[in-house]
Structures are given as structure tokens and as C-alpha cells.
Amino acid sequence: MTGNSQTPDYELAETIELTTAEQVRAIADPLRTTILGLLHERAATVTELATAVKRPKSTVAHHVKVLTDAGILRVVRTRKVRAIEERFYGRAARAFYVGLGRQGGNLGEDFNDFEVAAEESRTAYDDGQLRSFIRHARIPEERAAEFWHGVHDLILSFDKLPRSGDTTYGFTVGLYPITDYPTLPPAPDEV
């Protein structure tokens, strides 16, 4: 990594709301999420990305094009290499989130961060290295939104950590309503 303390090594927006099915489908592919993760460290060429993920350059170029067409990646700089312009791609934002006011129709059944996280974390679970919690709280929607803003800040701080060390860690969060969760009857003094 360069001596630049900024992670990644290019300017990007803090967050972008994904509002179309095309955008959500673009980030739903495991290889594309890996590419997005790599670009948290620094901008990279298709060749560098292909080397990192051990996939053919043509395959990676296709996935980079899908992400670029969806506005999730962009060319952040170029350089000339023997009369050919080499493009370095970077993320359009540090964090992406699926907007609650989805405008693009059906998001498709292939979008599930928790399914990806479950697959990625299987080895850590088997090795006794998975750290996770699940909690339930009966709260009003306004409090859920307030809590989610705090989680969002935590995600941004995780994204800004300088890249170093030998191990990559996944971090998955979610907040969802449960319509059929059991509820105690009112306490006797509330009746």
C-alpha cells in the first residue's frame, strides 16, 4: 500500500442509496462483492483484480462493467502503458445501502447479504472463530431508524480502518421487523 493514510487511495462519496433493481442485482453477486471489498484498499486495474481473485481477466472485466454501468464503480485515474490507457477503478461510495423507497421494481431473489455472510463465515464457525449476536427488541419504528443510524456510523468506521495484517474480516449487520414474534400479554398491573 502507498504511504497515503486515506483508505482507499481515491476520493469517494460516503454513502450512495441503491434505488434500482439493476443496482441491487449488481452488488448481489459474490465475485462483485469481493471486487468491491478489494477496492476499499485502493484503486485497481482489471488485471490486478483478476490476479487477486484468481479469475480470468475477461470474467473480471465483465463484472467490473456491470458495477460501472450500475454507478457503483468508476474510473478514478488512468495511466499510459506503451500507448495503451490503463484504467484504475474505484468505488463510487464507501458504503451502499438499499433504499427503502425502492423505485426499480422487483429486487430479485438473488440479493441476500446474510446468505453470502453465512457462506463466507462457515470456516470461521467450524474453527470456533465466528463472533456473532442476535437480539430482539420490541421498539417503535422511530427508535429502529435511530438505532440503524448508529449502526451505519459503525459500518463507516469499519470501512475506514487502514488495510493491514494478513486476515480479512467480514462484518454483517441487519435490522428487520418480525411480524410473528411472540409477545407477552400485558402485565397484571397494566390491565
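The values are calculated or read from the model by the stated rules, or taken from the named source; none is laboratory data. Quick caveat, the model's predicted, so the values are computed rather than measured. Glycine gets a Cβ as well: all are built from the backbone with ideal geometry, and neighbour counts include every protein chain shown. Heavy atoms of the whole protein, side chains included, go into the accessibility calculation; ligands, DNA and RNA do not. Shrake-Rupley method; radii C 1.70, N 1.55, O 1.52, S 1.80 Å.
Of the residues in the range 141-154, how many are open to solvent by less than 100 Å² (accessible area, probe 1.4 Å) and among the charged types (D, E, K, R)?
Result for the range 141-154: 1.
Does any residue in the range 36-57 that is closer than 20 Å to Arg94 by Cα come within less than 7 Å, Cβ to Cβ, of a residue that is open to solvent by 70 Å² or more (accessible area, probe 1.4 Å) and of a type in the set (A, V, I, L, M, F, W, C) six or more places away or on a different chain, and which pairs are these?
Here the result reads Glu41/Met1; Arg42/Met1, each pair linking the range 36-57 to a residue that is open to solvent by 70 Å² or more (accessible area, probe 1.4 Å) and of a type in the set (A, V, I, L, M, F, W, C).
Checking the conditions here, which among Arg122, Arg138 is of a type in the set (D, E, K, R) and assigned to a loop (DSSP other than H, G, I, E, B)?
So the residue among Arg122, Arg138 that is of a type in the set (D, E, K, R) and assigned to a loop (DSSP other than H, G, I, E, B) is Arg138.
Taking the range 94-140 as the search range and keeping residues that are touching a strand residue (DSSP E or B) at 6+ places or on another chain (Cβ under 6 Å) and at pLDDT 80 or above, which one is surrounded by the most Cβ atoms within 10 Å (Cβ to Cβ)?
Filtering first and then ranking leaves Phe96.
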